[in-house]
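The values are calculated or read from the model by the stated rules, or taken from the named source; none is laboratory data. If you're wondering where the values come from, they're calculated on a predicted model, not measured in any experiment. No Cβ is skipped: glycine too gets one built from the backbone with ideal geometry, and neighbour counts run over all protein chains shown.
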Amino acid sequence: MLSLSPIELGVALCAVGVGSLIQGVVGFGLVLTAGPVVALLEPSALPVVFLLLGFPMEIWMLIREHAAVDRPGFVQMMGGRAAGTVAAFWVLTVAGARMLAVLAGSAIVIAGLLSYRSPRASATSRPVTMVIAGSVSGLMATVAAVGGPAMALAYRDREAAQVRATLALAFLVGGSLSLAALQFAGMVTWEHLRLALVLLPAEAIGLALSGFLLPRVHPGALRAAVLLLAVLGGAAVVLRALL
């Protein structure tokens, strides 16, 4: 399954389980936590596997909070997301495997640093801000499956339920665009789907356990730890590709 040994696959399962648990508690963290681990084990797994893993999570969030979707904001972000995805497609077609690993690791580091500026989800209605956020998100999501922080930075004044639902819909549609770009670039294989299916139970378990952990931990402290690990992990991916 790609080139993961049984031990490496076990590590990947644990990483996805922990990342999903953290996402269930603080609202993000799957890719920032598990992405560097899986990328160090198998660089070609990123971003396709995590884009695939994102779909069940986003569908679950939409089922739970679909009534809170901010439709104008979604449309504005999708305009930018399409442009960012096209730019990412060009990058994917000209970059080699080593450069893609550097870009993926760098995107994770940038996403972690950006997230320090968005302590809670809220929204702004400014169309230009939404389009720019969508563009950056499309670029980063297609390269490394980390499109969330850029969109979160555009959100400043709405309630959390509306933001979660709107971003879930944006990630669902935007993730489809990113996967299409990756498919056209010849970077999506059945092995990616197989690995995502194997990792899916770990994601489900992590999300289920997050409900028990939520009232017992301080989300702010956990969030800070996740972002630190994301920056360090992304840096490790970059160094591995360069050395």
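Looking at segment 40-68, which of the residues that are modelled with pLDDT of 90 or more, touching a Ser or Thr at 6+ places or on another chain (Cβ under 9 Å) and of a type in the set (A, V, I, L, M) is surrounded by the fewest Cβ atoms within 10 Å (Cβ to Cβ)?
Going through the qualifying residues, I end up with Leu41.
So which pairs qualify, if the first residue must be in segment 80-109 and surrounded by fewer than 15 Cβ atoms within 10 Å (Cβ to Cβ), the second must be in a loop (DSSP other than H, G, I, E, B) and at pLDDT 80 or above, the Cβ gap must be under 7 Å, and the two must be at least 6 apart or on different chains?
As it stands, the answer is Thr93/Ala185, since those pairs meet every condition given.
For Leu4, state whether it is touching a residue at least 60 places away in the same chain (Cβ under 8 Å) and within 23 Å of Met187 (Cβ to Cβ). Steps first, answer last, please.
Details: touching a residue at least 60 places away in the same chain (Cβ under 8 Å): yes; within 23 Å of Met187 (Cβ to Cβ): yes.
Against the criterion (touching a residue at least 60 places away in the same chain (Cβ under 8 Å) and within 23 Å of Met187 (Cβ to Cβ)), Leu4 qualifies.
Just give me the residues in segment 54-113 being out of contact with any Leu (no Cβ under 8 Å at 6 or more places or on another chain) and among the acidic types (Asp, Glu), in sequence order.
Across segment 54-113, the qualifying residues are Glu65, Asp70.
Could you check segment 182-224 and list, in sequence order, the residues that are in contact with a helix residue (DSSP H, G or I) (Cβ under 6 Å, 6 or more places away or on another chain) and either loosely packed, with under 12 Cβ neighbours inside 10 Å or among the basic types (Lys, Arg) (or both)?
Selection gives Arg223 alone.
Taking the condition among the polar types (S, T, N, Q) and farther than 23 Å from Met61 by Cα, does Thr189 pass?
On the way: among the polar types (S, T, N, Q): yes; farther than 23 Å from Met61 by Cα: yes.
Yes.
Would it be correct to say that Leu179 is surrounded by 16 or more Cβ atoms within 10 Å (Cβ to Cβ), within 14 Å of Arg81 (Cα to Cα) and modelled with pLDDT of 90 or more?
Numbers: surrounded by 16 or more Cβ atoms within 10 Å (Cβ to Cβ): yes; within 14 Å of Arg81 (Cα to Cα): yes; modelled with pLDDT of 90 or more: yes.
Yes: the conditions hold for Leu179.
Please verify whether Leu213 is farther than 26 Å from Val109 by Cβ and touching a residue at least 60 places away in the same chain (Cβ under 8 Å), treating the condition exactly as stated.
yes
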